[in-house]
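Engineer: Structure below; questions to follow.
The numbers here are math on the coordinates, done by the rules we state, and not lab data. Worth saying up front: this structure is predicted, and the values here are computed from it rather than measured. For neighbour counting, all protein chains shown are included, and Cβ atoms are generated from backbone atoms with ideal geometry for every residue, glycine included.
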Amino acid sequence: MEGNGSIVWSVIIPAYDEAERLPAYLRQVIAFFGERREPYEVLVVDDGSRDATVERVRELQAEQPRLRLIALPQNRGKGYAVRVGMVNARGGLRLFADADGATPIGELTRLLPALKAGADIVIGSRALPDPEVSVRARIHRVAAGRLFNWLVARLGLRGIADSQCGFKCFRAAVAEDLFHALRTDGYGFDVELLLLAQRRGYRIAEVAITWADQPGSKVRVLTDGPRMLWQILAARAAITRGRSER
């Protein structure tokens, strides 16, 4: 499971204007992996933040040598930031997690059995029923999520209950293959990623995880939802076109 420099884990955290929420989550991530005693790195990709996100990360870097920062000069979108992190990561296993800490980093332990069983990609899910996890979300977001996933299934992403959860783990070779091919810069990137993975025959496992809605979300259901669907339609068309041209 080890990657370059014997790094086992890379945690990629895309960040945009996260000066308030990110530092606490970074400390949680570093403490968690410190206890695991496996070589790791935490890679923050700042997506052109306008606040003090970069400064807060650099302050932590002074005391945490396993923390890396890539500061993008302008805002390009979550998909672009995750892609940059994934292709610059060095770990044999690469997890991306949201900067708000909606998913506690300890939930990674729920993904491990699927990885050990041979999955290429393991994704966290807020939609799968499991009495051992807790999902706290505002009602309108639950309804919007269900509608979105229903539409996505009709567009070709089958067998995935929750495409948008920001807690996904990839084996290094799989990450490099998929993220080099990824074209969606915005929030719709998760669906393109999973469509590509299914087309390329990768084994995807979905695992229920604990998740709690956090104040200060950057996603706006009424404006970002239609934009995401447009991005997914464009990505699906490109994937279909690429397949027919082979």
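Engineer: For the residues ASP17, ASP162, what sequence is obtained by ranking on other C-beta atoms within 10 Å, fewest first?
Structural biologist: ASP17, ASP162
Engineer: For the range 15-106, run through the GluC sites (Glu not before Pro) and keep only the ones in DSSP coil with at most 12 other Cβ atoms within 10 Å of their Cβ.
Structural biologist: GLU63
Engineer: Give a quick list of trypsin sites (Lys or Arg not before Pro) in the range 145-188 that DSSP marks as loop, anything other than H, G, I, E or B, with at most 12 other Cβ atoms within 10 Å.
Structural biologist: Passing both the DSSP loop test and the Cβ count: ARG158.
Engineer: Report the convex hull volume per residue for the range 4-244, counting only C-alpha atoms, in Å³.
Structural biologist: It comes to 122 Å³ per residue, whole-number rounded.
Engineer: Along Cα→Cβ, 7 Å out, is where each label goes; now give me the distance between the ones at ILE70 and ALA137 in nm to one decimal.
Structural biologist: 2.8
Engineer: Expressed as a fraction of 2.2 N^0.38 Å, the rule-of-thumb size for a compact globular protein of N residues, what is the C-alpha radius of gyration of the range 1-114?
Structural biologist: Normalised by 2.2 N^0.38 Å, the Cα Rg of the range 1-114 equals 0.99.
Engineer: Given H placed 1.01 Å from N in the peptide plane, which residues other than close sequence neighbours of ILE12 have an amide H under 5 Å from its amide H?
Structural biologist: LEU43, LEU95, PHE96, ALA97
Engineer: What is the set of long-range amide H partners of LEU67 at a cut-off below 5 Å, with H atoms built 1.01 Å from backbone N?
Structural biologist: The list, which skips near neighbours in sequence, is VAL42.
Engineer: Between the DSSP loop rule and a limit of at most 16 other Cβ atoms within 10 Å, which trypsin sites (Lys or Arg not before Pro) in the range 35-86 are left?
Structural biologist: ARG37, ARG50
Engineer: Another question about this same structure. Rounded to the nearest 500 deg cm²/dmol, what is the calculated helix-only ellipticity per residue at 222 nm for the chain, with -39500 (n - 2.57) per DSSP H run of length n ≥ 4?
Structural biologist: On the way: 8 runs with 105 residues, N = 246.
Dividing the helical sum by the residues of the chain leaves -13500 deg cm²/dmol.
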